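**Q** First the structure, then my questions, so here it is.
The values are calculated or read from the model by the stated rules, or taken from the named source; none is laboratory data. These figures come from a predicted structure and were not determined experimentally. We place every Cβ from the backbone using ideal geometry, glycine too, and count neighbours over all the protein chains shown. Ligands, DNA and RNA are excluded from the accessible area calculation, which covers all protein heavy atoms including side chains. Shrake-Rupley method; radii C 1.70, N 1.55, O 1.52, S 1.80 Å.
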Amino acid sequence: MRRLLSALAVLAAFVVAGCGLGAGSTPGATSLLVTQDFGAKVLTDLPQPELSGEDTVMRMLDRNVKTEKRYGGKFIQTIGGVSGGERGGLGVDWIFYVNGVQADKGATSVKLHDGDAVWWDNHAWETSTVGAVVGSFPEPFAHGIDGRRLPVRIECADPDGDACRTIQERLVEAKVPASRARLAAQLEEDTLRIVVGPIQRVRGDRAVSLLAEGPETSGVFAKPSADGKSFQVLDPTGKVVQTIGAGSGLIAAIAPPDNGTSELPVWVVTGTDADGVAAAAAAFDEGTLSRKFALAISGDGIGIALPQPR
């Protein structure tokens, strides 16, 4: 269902009909980001976009950025001079995220709430479905999803370890209360989870296990090796650009494939070993994660935005 939605949503999710402006209070502290190629190029960055009343994502976009539409005005074609279509042999289009989560309905139907971070990105969609991103941190933890703030739980291979404590401290700095628990803790509905630990220890988690299947399933352009000692860094087509080994880390948000449930995205802070997990935990902050779909950290401490260019 999610892949079908992406294939259609990049064309049809942005239906303009019915995007009227209702009466009501204007949502506050809402931001608008427009980028290209998985956040690599910033086209518009508005921490305080113009808003009015009960805005939808589409109405906010139209009010703040020049857009062009097609098929009788029903679909987004161009934002800020950048169009959908084909680039580098791949189909590209405009996809949007609210608080780091890809919406499951069109922009004309998504109502804005206080604190929402809206991110439109023009990128290739044929080889993957990126259901969640890390670049809107501290969202979705700070303001939740669809206007509903959710409990946050950090599930760690070592709940008393430095990496687990670092994640909790960064959330507290963002005014997000979060509990700590061991891996395989009892699952609770309506809880945002952050899984922390070496990939060999955390890959048994159902969401984290999707990393081994590649971006077409996980939405993350990095794959762990079978022995957990390295990560393959991938380009937008899913091809390997480089392999990073000992001491390397990864921060990613994984939206499990739609199975008829409203399953929430799961964040993973992992690495090839303890040093890699520590490096990933150290990168768990707003400045480092900003505008990243996912982030790998090499053994020598270099941050690698995912996917890497071809």
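**Q** Name the one entry in Thr288, Thr272, Thr217 that is hydroxyl-bearing (Ser, Thr, Tyr), out of contact with any strand residue (DSSP E or B) (no Cβ under 6 Å at 6 or more places or on another chain) and in contact (Cβ under 8 Å) with a residue 60 or more places away in the chain.
**A** On the way: Thr288 fails: in contact (Cβ under 8 Å) with a residue 60 or more places away in the chain; Thr217 fails: in contact (Cβ under 8 Å) with a residue 60 or more places away in the chain.
Residue meeting the stated conditions: Thr272.
**Q** Follow-up. Limited to region 121-160, what total is found for residues that are under 19 Å from Ala278 (Cβ atoms), touching a residue at least 40 places away in the same chain (Cβ under 8 Å) and either in contact with a strand residue (DSSP E or B) (Cβ under 7 Å, 6 or more places away or on another chain) or of a type outside the set (Phe, Trp, Tyr) (or both)? Can you show your working first?
**A** Within region 121-160, the first condition is being under 19 Å from Ala278 (Cβ atoms), and the residues that meet it are 134, 137, 154-160.
Filter again for touching a residue at least 40 places away in the same chain (Cβ under 8 Å), leaving 134, 137, 154-157.
With either in contact with a strand residue (DSSP E or B) (Cβ under 7 Å, 6 or more places away or on another chain) or of a type outside the set (Phe, Trp, Tyr) (or both) added as a condition, the list becomes 134, 154-157.
Result for region 121-160: 5.
**Q** Open to solvent by less than 70 Å² (accessible area, probe 1.4 Å), at pLDDT 95 or above and in a helix (DSSP H, G or I), is that true of Ala279?
**A** Working: open to solvent by less than 70 Å² (accessible area, probe 1.4 Å): yes; at pLDDT 95 or above: yes; in a helix (DSSP H, G or I): yes.
Taking the combined requirement at face value, the residue satisfies it.
**Q** Additional query: In this structure, is Glu169 of a type outside the set (A, V, I, L, M, F, W, C) and at pLDDT below 95? Explain how you work it out, then say what you get.
**A** Details: of a type outside the set (A, V, I, L, M, F, W, C): yes; at pLDDT below 95: no.
It is false that Glu169 is of a type outside the set (A, V, I, L, M, F, W, C) and at pLDDT below 95.
**Q** Quick check on my filter: what residues within region 287-310 are part of a helix (DSSP H, G or I) and exposed (fewer than 15 other Cβ atoms within 10 Å of the Cβ)? Lay out the reasoning, then the answer.
**A** Residues of region 287-310 that are part of a helix (DSSP H, G or I), as a first pass: 287-289.
Matches in region 287-310: Gly287 only.
**Q** Could you please let me know if Ser136 is among the polar types (S, T, N, Q) and over 15 Å from Gly39 (Cα atoms)?
**A** Numbers: among the polar types (S, T, N, Q): yes; over 15 Å from Gly39 (Cα atoms): no.
When the stated conditions are applied, Ser136 does not pass them.
**Q** Moving to a separate point now. Taking region 76-107 as the region of interest, how many residues are in contact with a Gly (Cβ under 8 Å, 6 or more places away or on another chain) and either open to solvent by 20 Å² or more (accessible area, probe 1.4 Å) or under 23 Å from Leu51 (Cα atoms) (or both)?
**A** Adding up the residues that qualify gives 9.
**Q** Are there any pairs with C-beta distances below 6 angstrom linking a residue in region 85-110 that is closer than 20 Å to Met58 by Cα to a residue that is in a strand (DSSP E or B) and open to solvent by 20 Å² or more (accessible area, probe 1.4 Å), with the two at least 6 apart or on different chains, and if so which?
**A** Taking only residues 6 or more apart or on different chains, the pairs are Val101/Ile145.
**Q** Also, I was wondering about something else. State all residues of region 72-107 that are part of a loop (DSSP other than H, G, I, E, B) and more than 18 Å from Leu46 (Cβ to Cβ); if no residue qualifies, say none.
**A** Residues of region 72-107 that are part of a loop (DSSP other than H, G, I, E, B), as a first pass: 72-74, 80-81, 84, 88-89, 99-100, 103-107.
Result: Gly72, Gly73, Lys74, Gly84, Gly88, Gly89, Ala103, Asp104, Lys105, Gly106.
**Q** Another one. From the set of residues in region 244-257 that are over 24 Å from Gln36 (Cβ atoms) and either aliphatic (A, V, I, L, M) or under 16 Å from the mean Cα position of the chain (by Cα) (or both), which is modelled with the lowest pLDDT? Show your work before the answer.
**A** Restricting attention to region 244-257, the residues satisfying the condition of being over 24 Å from Gln36 (Cβ atoms) are 244-249, 256-257.
Subsequent filtering for residues that are either aliphatic (A, V, I, L, M) or under 16 Å from the mean Cα position of the chain (by Cα) (or both) retains 244, 246, 256-257.
Numbers: Ile244: 98, Ala246: 98, Pro256: 79, Pro257: 69.
The residue in question is Pro257.
**Q** Now for a separate question. Please note which strands (runs of 3 or more DSSP E) are completely contained in region 108-205 and include at least 2 residues that are small (Gly, Ala, Ser) and surrounded by fewer than 21 Cβ atoms within 10 Å (Cβ to Cβ). Outline the logic, then answer.
**A** Working: elements: 117-124, 152-156, 179-182, 192-198.
It comes to 179-182.
**Q** Of all the residues that make up region 35-60, how many are hydrophobic (A, V, I, L, M, F, W, C), at pLDDT below 95 and open to solvent by less than 30 Å² (accessible area, probe 1.4 Å)?
**A** Residues that pass the stated criteria total 3.
**Q** May I ask you to say which residue of Gly219, Gly249 is crowded, with 17+ Cβ neighbours inside 10 Å and on the phi > 0 side of the Ramachandran plot?
**A** Numbers: Gly249 fails: on the phi > 0 side of the Ramachandran plot.
That would be Gly219, the only listed residue that is crowded, with 17+ Cβ neighbours inside 10 Å and on the phi > 0 side of the Ramachandran plot.
**Q** Consider only pairs whose beta carbons are under 6 Å apart and that are at least six residues apart or on different chains; among these, list those whose first residue lies in region 162-186 and is β-branched (Val, Ile, Thr) and whose second residue is assigned to a helix (DSSP H, G or I).
**A** Hits for this filter: Thr166/Ala281; Ile167/Ala281.
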